[in-house]
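Reading through the C-alpha coordinates given below for one structure.
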Amino acid sequence: MIKSWFLPLLVCFFVLPAGSFAQYRKGEKRPAENKPAIPPLSDREYWLRQLNKMARPVLANLARDNLKKAMPLVLSKRTDNPESRRKAASLEAFARTLSGIAPWLNGEGGSPAEIALRNQYREWVIPAIEHAVDPSARDYMAWESPSQALVDASYFALSFLRCSWLWDHLNDTTRKQVVQALRSTREIKPSFSNWLLFSGMVEAFFCRYDLPWDPMRVDFYIRQFEQWYLGDGDYAALTDKLKARDERYALIQERLINADGSYPATGRSIVYRGGAFH
(Lines give C-alpha, C1' and ligand atoms only; values in the text may rest on other atoms or scores of the structure.)
Protein backbone atom coordinates (compact mmCIF):
# COMPACT_ATOMS: atom_id res chain seq x y z
CA MET A 1 0.00 0.00 0.00
CA ILE A 2 1.38 3.35 -1.02
CA LYS A 3 1.79 5.67 1.93
CA SER A 4 -0.42 8.77 1.94
CA TRP A 5 2.48 11.17 1.59
CA PHE A 6 4.20 9.40 -1.30
CA LEU A 7 1.60 9.97 -4.04
CA PRO A 8 1.53 13.84 -3.76
CA LEU A 9 5.30 13.83 -3.78
CA LEU A 10 5.37 11.71 -6.94
CA VAL A 11 2.90 14.06 -8.66
CA CYS A 12 5.03 17.08 -7.78
CA PHE A 13 8.09 15.39 -9.21
CA PHE A 14 6.53 14.99 -12.66
CA VAL A 15 4.52 18.22 -12.74
CA LEU A 16 7.16 20.70 -11.55
CA PRO A 17 10.06 21.60 -13.86
CA ALA A 18 13.18 19.61 -13.27
CA GLY A 19 15.05 22.83 -12.51
CA SER A 20 12.98 23.23 -9.35
CA PHE A 21 14.91 20.36 -7.82
CA ALA A 22 18.11 20.14 -9.78
CA GLN A 23 21.20 22.18 -9.02
CA TYR A 24 22.61 24.38 -11.75
CA ARG A 25 25.38 22.70 -13.67
CA LYS A 26 28.87 23.85 -12.94
CA GLY A 27 29.61 27.07 -14.79
CA GLU A 28 25.96 27.63 -15.73
CA LYS A 29 24.72 31.14 -14.91
CA ARG A 30 21.58 31.65 -12.89
CA PRO A 31 18.99 34.00 -14.37
CA ALA A 32 19.45 37.60 -13.29
CA GLU A 33 17.28 38.66 -10.40
CA ASN A 34 15.29 41.86 -10.70
CA LYS A 35 16.89 43.67 -7.77
CA PRO A 36 17.02 47.47 -7.81
CA ALA A 37 20.50 48.68 -8.74
CA ILE A 38 22.41 50.39 -5.95
CA PRO A 39 24.13 53.48 -7.34
CA PRO A 40 27.89 53.42 -6.72
CA LEU A 41 29.39 55.89 -4.26
CA SER A 42 31.12 58.91 -5.69
CA ASP A 43 34.74 59.48 -4.65
CA ARG A 44 33.66 62.23 -2.28
CA GLU A 45 30.96 60.08 -0.67
CA TYR A 46 33.48 57.29 -0.17
CA TRP A 47 36.02 59.56 1.52
CA LEU A 48 33.36 61.16 3.70
CA ARG A 49 32.48 57.67 4.91
CA GLN A 50 36.12 57.02 5.74
CA LEU A 51 36.39 60.37 7.54
CA ASN A 52 33.33 59.59 9.63
CA LYS A 53 34.51 56.07 10.40
CA MET A 54 37.85 57.30 11.76
CA ALA A 55 36.93 60.61 13.37
CA ARG A 56 33.58 59.80 15.00
CA PRO A 57 34.88 57.54 17.82
CA VAL A 58 37.42 60.19 18.86
CA LEU A 59 35.41 63.40 18.66
CA ALA A 60 32.01 62.04 19.71
CA ASN A 61 33.52 60.62 22.90
CA LEU A 62 35.72 63.63 23.63
CA ALA A 63 32.69 65.91 23.23
CA ARG A 64 31.11 63.94 26.11
CA ASP A 65 34.34 64.05 28.17
CA ASN A 66 34.55 60.28 27.75
CA LEU A 67 37.49 59.66 25.40
CA LYS A 68 40.03 58.29 27.89
CA LYS A 69 37.45 55.91 29.30
CA ALA A 70 36.16 54.69 25.93
CA MET A 71 39.35 54.55 23.85
CA PRO A 72 41.06 51.15 23.83
CA LEU A 73 44.79 51.45 24.45
CA VAL A 74 46.87 48.64 22.97
CA LEU A 75 50.65 48.89 22.75
CA SER A 76 53.08 46.62 20.97
CA LYS A 77 55.34 44.58 23.21
CA ARG A 78 58.24 46.13 21.31
CA THR A 79 57.12 49.76 21.58
CA ASP A 80 59.70 52.27 22.70
CA ASN A 81 58.93 53.93 26.05
CA PRO A 82 55.46 52.42 26.65
CA GLU A 83 54.66 54.67 29.61
CA SER A 84 55.26 57.76 27.50
CA ARG A 85 53.10 56.33 24.70
CA ARG A 86 50.28 55.63 27.14
CA LYS A 87 50.32 59.15 28.52
CA ALA A 88 50.34 60.79 25.09
CA ALA A 89 47.78 58.46 23.45
CA SER A 90 44.64 60.57 23.89
CA LEU A 91 46.32 63.78 22.71
CA GLU A 92 47.79 61.94 19.74
CA ALA A 93 44.37 60.59 18.72
CA PHE A 94 42.61 63.92 19.18
CA ALA A 95 45.15 66.34 17.71
CA ARG A 96 45.86 64.32 14.58
CA THR A 97 42.18 63.69 13.95
CA LEU A 98 41.36 67.38 14.35
CA SER A 99 44.21 68.47 12.11
CA GLY A 100 43.13 66.03 9.42
CA ILE A 101 39.51 67.19 9.21
CA ALA A 102 40.17 70.89 9.91
CA PRO A 103 40.09 72.08 6.26
CA TRP A 104 36.78 70.27 5.78
CA LEU A 105 35.35 71.81 8.96
CA ASN A 106 36.35 75.22 7.66
CA GLY A 107 34.57 74.69 4.36
CA GLU A 108 30.97 75.12 3.35
CA GLY A 109 28.58 73.49 0.90
CA GLY A 110 28.31 69.97 -0.44
CA SER A 111 25.37 67.61 -0.64
CA PRO A 112 22.66 67.80 2.05
CA ALA A 113 24.18 64.69 3.67
CA GLU A 114 27.66 66.26 3.74
CA ILE A 115 26.37 69.52 5.19
CA ALA A 116 24.53 67.60 7.91
CA LEU A 117 27.68 65.60 8.69
CA ARG A 118 29.83 68.73 8.89
CA ASN A 119 27.33 70.40 11.20
CA GLN A 120 27.39 67.35 13.45
CA TYR A 121 31.18 67.50 13.71
CA ARG A 122 31.08 71.22 14.41
CA GLU A 123 28.73 70.47 17.30
CA TRP A 124 31.18 67.91 18.65
CA VAL A 125 34.48 69.68 18.08
CA ILE A 126 33.92 72.74 20.28
CA PRO A 127 33.14 70.80 23.50
CA ALA A 128 35.91 68.36 22.49
CA ILE A 129 38.47 71.18 22.53
CA GLU A 130 37.05 72.47 25.80
CA HIS A 131 37.55 69.12 27.51
CA ALA A 132 41.04 68.67 26.06
CA VAL A 133 42.35 71.93 27.56
CA ASP A 134 40.29 72.20 30.78
CA PRO A 135 42.36 70.94 33.75
CA SER A 136 39.16 69.99 35.59
CA ALA A 137 37.88 67.74 32.77
CA ARG A 138 38.33 63.97 32.80
CA ASP A 139 39.76 64.15 29.26
CA TYR A 140 42.28 66.91 29.99
CA MET A 141 45.31 66.13 27.85
CA ALA A 142 48.96 65.82 28.87
CA TRP A 143 50.48 68.96 27.35
CA GLU A 144 53.66 69.40 29.41
CA SER A 145 55.04 65.87 29.06
CA PRO A 146 56.16 63.46 27.72
CA SER A 147 58.21 64.83 24.84
CA GLN A 148 55.73 63.25 22.41
CA ALA A 149 53.25 65.90 23.59
CA LEU A 150 55.17 68.49 21.58
CA VAL A 151 54.61 66.52 18.37
CA ASP A 152 50.88 66.24 18.88
CA ALA A 153 50.50 69.79 20.21
CA SER A 154 51.88 70.95 16.87
CA TYR A 155 49.07 69.08 15.09
CA PHE A 156 46.61 70.77 17.44
CA ALA A 157 48.12 74.16 16.59
CA LEU A 158 48.00 73.34 12.88
CA SER A 159 44.26 72.69 13.20
CA PHE A 160 43.68 76.37 14.01
CA LEU A 161 45.84 77.48 11.07
CA ARG A 162 43.80 75.28 8.77
CA CYS A 163 40.44 76.16 10.29
CA SER A 164 39.81 79.66 11.63
CA TRP A 165 36.22 78.59 12.31
CA LEU A 166 37.49 76.73 15.39
CA TRP A 167 39.06 79.79 17.02
CA ASP A 168 36.11 82.00 16.07
CA HIS A 169 33.67 79.71 17.93
CA LEU A 170 35.61 79.19 21.17
CA ASN A 171 34.58 81.15 24.23
CA ASP A 172 37.13 83.37 26.01
CA THR A 173 37.83 80.85 28.76
CA THR A 174 38.62 78.06 26.32
CA ARG A 175 40.79 80.37 24.22
CA LYS A 176 42.90 81.17 27.27
CA GLN A 177 43.19 77.49 28.11
CA VAL A 178 44.24 76.65 24.54
CA VAL A 179 46.97 79.28 24.73
CA GLN A 180 48.13 78.00 28.12
CA ALA A 181 48.23 74.41 26.90
CA LEU A 182 50.34 75.31 23.87
CA ARG A 183 52.64 77.59 25.85
CA SER A 184 53.38 74.75 28.24
CA THR A 185 55.00 72.81 25.37
CA ARG A 186 57.81 75.39 25.28
CA GLU A 187 59.28 73.47 28.22
CA ILE A 188 59.89 70.50 25.93
CA LYS A 189 63.21 70.72 24.12
CA PRO A 190 62.96 69.43 20.55
CA SER A 191 65.70 67.19 19.23
CA PHE A 192 67.95 68.59 16.51
CA SER A 193 65.87 67.10 13.70
CA ASN A 194 62.48 67.60 12.06
CA TRP A 195 61.21 68.07 15.62
CA LEU A 196 62.30 71.69 15.26
CA LEU A 197 59.26 72.14 13.03
CA PHE A 198 56.90 71.02 15.79
CA SER A 199 57.95 73.88 18.05
CA GLY A 200 57.85 76.22 15.07
CA MET A 201 54.24 75.26 14.33
CA VAL A 202 53.19 76.18 17.87
CA GLU A 203 54.80 79.62 17.46
CA ALA A 204 53.08 80.00 14.07
CA PHE A 205 49.75 79.56 15.85
CA PHE A 206 50.59 82.35 18.29
CA CYS A 207 51.64 84.59 15.41
CA ARG A 208 48.48 83.84 13.41
CA TYR A 209 46.16 84.94 16.22
CA ASP A 210 48.15 88.02 17.30
CA LEU A 211 49.46 86.43 20.50
CA PRO A 212 52.98 86.89 21.90
CA TRP A 213 55.27 84.62 19.88
CA ASP A 214 58.98 83.93 19.55
CA PRO A 215 60.28 85.05 16.10
CA MET A 216 63.75 83.72 16.90
CA ARG A 217 62.49 80.13 17.20
CA VAL A 218 60.69 80.32 13.87
CA ASP A 219 63.59 82.00 12.08
CA PHE A 220 66.07 79.45 13.45
CA TYR A 221 63.98 76.50 12.31
CA ILE A 222 63.49 77.88 8.81
CA ARG A 223 67.19 78.69 8.39
CA GLN A 224 68.25 75.31 9.73
CA PHE A 225 66.09 73.41 7.26
CA GLU A 226 67.39 75.57 4.43
CA GLN A 227 70.89 74.39 5.40
CA TRP A 228 69.84 70.76 5.62
CA TYR A 229 67.76 70.44 2.48
CA LEU A 230 69.65 70.04 -0.78
CA GLY A 231 66.68 69.36 -3.05
CA ASP A 232 65.02 66.27 -4.54
CA GLY A 233 64.49 64.72 -1.12
CA ASP A 234 68.19 64.90 -0.22
CA TYR A 235 69.38 66.29 3.10
CA ALA A 236 72.89 67.44 3.92
CA ALA A 237 72.57 65.98 7.42
CA LEU A 238 72.78 62.44 5.99
CA THR A 239 76.19 60.81 6.05
CA ASP A 240 77.24 58.64 3.13
CA LYS A 241 76.56 55.54 5.22
CA LEU A 242 73.05 56.68 6.12
CA LYS A 243 72.34 57.72 2.55
CA ALA A 244 73.36 54.31 1.22
CA ARG A 245 71.21 52.60 3.82
CA ASP A 246 68.18 54.75 2.99
CA GLU A 247 68.56 54.19 -0.75
CA ARG A 248 68.67 50.43 -0.16
CA TYR A 249 65.60 50.67 2.08
CA ALA A 250 63.74 52.57 -0.64
CA LEU A 251 64.40 49.74 -3.09
CA ILE A 252 63.10 47.15 -0.64
CA GLN A 253 60.06 49.25 0.17
CA GLU A 254 59.13 49.54 -3.49
CA ARG A 255 59.25 45.75 -3.86
CA LEU A 256 56.74 45.35 -1.03
CA ILE A 257 53.93 46.59 -3.28
CA ASN A 258 51.53 43.72 -3.93
CA ALA A 259 50.39 42.64 -7.39
CA ASP A 260 47.07 44.40 -6.81
CA GLY A 261 48.79 47.66 -5.86
CA SER A 262 48.16 47.37 -2.12
CA TYR A 263 50.78 48.11 0.52
CA PRO A 264 51.67 45.93 3.52
CA ALA A 265 50.15 47.09 6.82
CA THR A 266 53.39 46.82 8.76
CA GLY A 267 55.39 49.23 10.85
CA ARG A 268 54.42 51.93 13.32
CA SER A 269 53.86 54.77 10.87
CA ILE A 270 51.73 53.01 8.26
CA VAL A 271 50.26 56.25 6.88
CA TYR A 272 53.71 57.75 6.39
CA ARG A 273 54.96 54.59 4.70
CA GLY A 274 51.95 54.61 2.38
CA GLY A 275 52.58 58.26 1.56
CA ALA A 276 56.25 57.57 0.80
CA PHE A 277 55.24 55.28 -2.08
CA HIS A 278 53.62 58.25 -3.81
Next on the checklist: I'd like the full set of residues that are within 23 Å of I188 (Cβ to Cβ), out of contact with any Lys or Arg (no Cβ under 9 Å at 6 or more places or on another chain) and in a loop (DSSP other than H, G, I, E, B), limited to the stretch 144-174.
Outcome noted: E144
Item to check | Filtered residues of the stretch 55-95 (kept if surrounded by fewer than 14 Cβ atoms within 10 Å (Cβ to Cβ) and either of a type outside the set (S, T, N, Q) or in a helix (DSSP H, G or I) (or both)) | outcome: K69, A70, P72, L73, V74, L75, K77, R78, D80, P82, E83
Item to check | Residue identified as surrounded by 19 or more Cβ atoms within 10 Å (Cβ to Cβ), over 19 Å from the mean Cα position of the chain (by Cα) and modelled with pLDDT under 95 among S199, S193 | outcome: S199
Checklist outcome for this item: Per the filter on the stretch 251-273, residues surrounded by fewer than 12 Cβ atoms within 10 Å (Cβ to Cβ) and modelled with pLDDT of 75 or more are L251, I252, E254, R255, N258, A259, D260, G261, S262
Item to check | Hey, D139 acidic (D, E), in contact with a Lys or Arg (Cβ under 9 Å, 6 or more places away or on another chain), surrounded by 19 or more Cβ atoms within 10 Å (Cβ to Cβ) and within 22 Å of A204 (Cα to Cα) or not | outcome: no
Checklist entry - Of the residues I188, I126, which single one is under 19 Å from L91 (Cβ atoms), hydrophobic (A, V, I, L, M, F, W, C) and over 21 Å from the mean Cα position of the chain (by Cα)? => result I188
Checklist entry - Among the residues of the stretch 224-240, is any part of a helix (DSSP H, G or I), farther than 23 Å from E92 by Cβ and modelled with pLDDT of 90 or more? => result no
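The values are calculated or read from the model by the stated rules, or taken from the named source; none is laboratory data. Just so we're clear, the structure is a prediction, and the values are computed from it rather than from any experiment. Ideal geometry is used to build each Cβ from the backbone, glycine not excepted, and the neighbour counts take in all protein chains shown.
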